[in-house]
Amino acid sequence: MRELADTAQQWAAQGRTGVLARPITEQGFGPRHPADAVLIDADGHCHGTLYRGVFDEHLAAEAAALAAGHTARVCEVSVHDDEVKQAGLTCGGQAEVLLQPLGTIPARWWALLGQGADAALVTRLDEGQTHAVSTLATPERQDGVVGAEGPVQAMERARDLLVRRRSGRDTRFTDEGLVLIESFPAVPHLVIAGGGELAELLVAQAHVLDWQATVALAAEDAVTLLAERPAAACLIVLSHEPEVDIPVLHAALTSGIAYVGALGSRRTQARRAQALAQAGLDEAHIGRIHGPIGLDLGARTPAETALAVCAEVLAALDGRAARVLREGSGPINT
């Protein structure tokens, strides 16, 4: 969805019309990006990605059939058997896709997505699924969006999803109709204090995940980066120099950064903890440091270590303890 922000804003500035298509319910299809969506222009051309484009023509036709005065249309799509291989999908599936005119979606939604900031959209469909009302939600309660326009419970759920810092969609069925909650937390920004091969590999791994990453060699540079976008920042300390790691860790721990990790042996971790305590931090603050850093994946090489670190960041942002999927019993994509 974020990759559509520039296009949506350009169309709005040019007075162009369009239709946004995204799933409200789905089964199957295998692993994919939970925020996939497409914009359909007046000529039926699709911009963006949804199910690898296999339904683009169908969605374009449905968008063209959107009745005048209607602000929503829901269509069903499905792909099975030989079509799965032809489409390049992992497995088959079926979905209900909501088509909504671009003009009915708050302009600030696209602005926040383009900035990489926290944002959620709550969309209410009427019982006949022909009219949709979308309301913006952000983590701040003072944003003024809770009220008559947005169902209070849906707004609270939207904020909960943002706090978990994972993109996704949640569908609720109410007496008034269906409510679609779309959550887009700020794109994680790895602030890497310290350089070297591991720093380079962390930047590469972040790129694979569509995250942002910046390497800072000086403590003041790292602190500045943390302060610029605290909602997105995740600190990874690679430096073992006290003049770097202590002030950077102190800044992160006292500013509410979601993830604070530090490379180093247990002896190094103890040295840091002692220095931070002397600087006035209590055990609760110091206990937030992920150090030694990374999940226990058996990593040995720098590339494997970068993977283990980013895996721990992902789990921490979602507020869960990493585990083996086969040991669970619930849905694997929640």
- Query: Taking the Cα-to-Cβ direction at residue 131 and at residue 156 and moving 7 Å from each Cα, how far apart do the two end points lie in nm?
  - Reply: 2.7 nm
- Item | Between region 237-260 and region 66-98, the Cα center-to-center distance that results, in Å | 47 Å
- Item | Alpha-carbon spread of region 207-334, three principal axes, descending order, Å | 45, 30, 29
- On average over all directions, what projected area in square nanometres does the chain have, based on the convex hull of its Cα atoms? 19.7 nm²
- Query: According to the Kirkwood expression over distinct Cα-Cα pairs, how big is the hydrodynamic radius of region 10-56, in Å?
  - Reply: 11.9 Å
- Item | Lys/Arg +1, Asp/Glu -1 at C-beta; the chain dipole; positive extreme among 162, 270, 128 | 270
- What residue among 189, 74, 256 has its Cα farthest toward the positive end of the dipole of the chain, where the charges are +1 on Lys, Arg and -1 on Asp, Glu, each on the Cβ? 256
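Normalising by the residue count of the chain, find the relative contact order in percent from Cα pairs under 8 Å and 6+ residues apart. Numbers along the way, then the final one.
Details: 614 pairs, mean separation 39.0, N = 334.
Across the chain, relative contact order equals 12 percent.
Kirkwood hydrodynamic radius, region 83-144, all distinct C-alpha pairs: what's the number in Å?
14.5 Å is the Kirkwood radius here.
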- Item | Estimated 222 nm signal from helices in the chain, with DSSP H stretches of n ≥ 4 weighted -39500 (n - 2.57), rounded to 500 | -10000 deg cm²/dmol
- Under a point-charge model restricted to the Cβ atoms of Lys and Arg (+1) and Asp and Glu (-1), what is the dipole moment magnitude of the chain relative to its Cα centre, in debye to the nearest 20? 760 debye
- Message: Placing unit charges on C-beta atoms (Lys and Arg positive, Asp and Glu negative, everything else neutral), compute the dipole magnitude of region 266-314 about its Cα centre in debye, rounded to 20.
- Response: 240 debye
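Determine the per residue accessible area of region 192-334 with all protein chains present and a 1.4 angstrom probe, expressed in square angstrom.
That works out to 54 Å² for each residue.
Thinking of region 191-234 as a set of Cα atoms, what percent of all their pairs are more than 13 Å apart?
Percent of Cα pairs beyond 13 Å in region 191-234: 52.
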- Query: Roughly speaking, to the nearest percent, how much of the chain's 1.4 Å accessible area is carbon and sulfur?
  - Reply: 50 percent
- Among 104, 49, 84, the residue whose Cα sits farthest towards the positive end of the charge dipole of region 46-116 (+1 at Cβ of Lys and Arg, -1 at Cβ of Asp and Glu, taken about the Cα centre) is 104
- Item | Inverse mean reciprocal Cα-Cα distance (Kirkwood Rh) of region 1-95, Å | 14.1 Å
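The values are calculated or read from the model by the stated rules, or taken from the named source; none is laboratory data. These numbers come from a predicted model, not from an experiment. We place every Cβ from the backbone using ideal geometry, glycine too, and count neighbours over all the protein chains shown. Ligands, DNA and RNA are excluded from the accessible area calculation, which covers all protein heavy atoms including side chains. Shrake-Rupley method; radii C 1.70, N 1.55, O 1.52, S 1.80 Å.
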